[in-house]
Amino acid sequence: MRARLLAVALACLWSLAAHAEISFPTFAPNINAQGSVIMCATPNGVYQPCNAPGSLPLPFVLLNAPFVIPQQPQVVTAIATGATGAVTATFALVPNKTLYLCGFDISALGGTAAIGPITVTGLLGGTFTYQFTSTAGGVTLNRSFSPCVPAASQTTAIAIVTTADGTASAVDVNAWGTAQ
């Protein structure tokens with residue numbers, strides 16, 4: 001009976017100890033920290049809470065990793081002009097980077113023939129196609145993409161191509177994007 005009572009008492013004490021909170025004095029009067037406290041050495045080798053006066057700063061570990069400066073996207077543009085023939089503006093490939101098309105505009109002046117279909121090739125997911133006709137007074141097709149549309153791969157250029165308009169006096173293609 002006595003062994004059984006001792007076992008129950010020890011179990012109760014163990015249960016209380018397992019759930020007890022530990023508090024540590026701090027340097028603010030009448031305030032204790034609950035839980036874990038990070039200890040730092042003093043110049044004479046004594047350990048005390050790191051926020052205590054006279055504690056040395058916590059040591060830090062510098063990992064042996066290369067220092068990498070985040071790279072900003074490189075702005076890329078493609079510009080082409082023409083008149084009665086097809087006009088193509090193509091982004092130049094940037095080594096080890098993927099091209100992104102953020103927008104383009106196409107302006108056409110003179111005549112009333114179609115300069116479409118206009119195709120945007122090299123994009124992830126396929127070719128974008130637009131229909132467009134020039135006017136005697138001039139007209140502009142403007143498209144912006146947010147987020148910018150990536151190329152199909154790092155080795156794929158993005159091109160904006162118009163169809164020939166035998167009556168146009170000017171066709172201009174301007175495109176902008178990034179390489180990341």
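The values are calculated or read from the model by the stated rules, or taken from the named source; none is laboratory data. If you're wondering where the values come from, they're calculated on a predicted model, not measured in any experiment. Please note: Cβ atoms are built from the backbone with ideal geometry, for glycine as well, and neighbour counts cover all protein chains shown.
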* Quick one: count up the residues across region 141-169 that are modelled with pLDDT of 90 or more and within 21 Å of Gly82 (Cβ to Cβ). => 9
* Structure fact -> Scanning region 136-166 for residues that are loosely packed, with under 13 Cβ neighbours inside 10 Å and β-branched (Val, Ile, Thr), the one farthest from Leu99 (Cα to Cα) turns out to be Thr140
* Checking Phe67 against (1) of a type in the set (Phe, Trp, Tyr); (2) at pLDDT 95 or above; (3) exposed (fewer than 12 other Cβ atoms within 10 Å of the Cβ), which single condition isn't satisfied? -> (2)
* To do: Test Thr178 against the stated conditions and say whether it is over 17 Å from the mean Cα position of the chain (by Cα) and in contact (Cβ under 8 Å) with a residue 12 or more places away in the chain.
  => no
* Structure fact -> When Thr127 is run through (1) hydroxyl-bearing (Ser, Thr, Tyr); (2) free of Cβ contacts under 8 Å to residues at least 40 places away in the same chain; (3) farther than 26 Å from Asn96 by Cβ, the failure sits at (3)
* Are any residues in region 91-118 within 29 Å of the chain's Cα centre (by Cα) and surrounded by fewer than 17 Cβ atoms within 10 Å (Cβ to Cβ), and if so, which ones? -> Ala92, Val94, Pro95, Asn96, Lys97, Gly103, Asp105
* Residues satisfying the stated conditions in region 72-97, i.e. part of a loop (DSSP other than H, G, I, E, B) and over 23 Å from Thr112 (Cα atoms) -> Gln72, Pro73, Phe91, Ala92, Leu93, Val94, Pro95, Asn96, Lys97
* Structure fact -> Within region 143-177, residues aromatic (Phe, Trp, Tyr) and closer than 16 Å to Ala114 by Cα come out as none
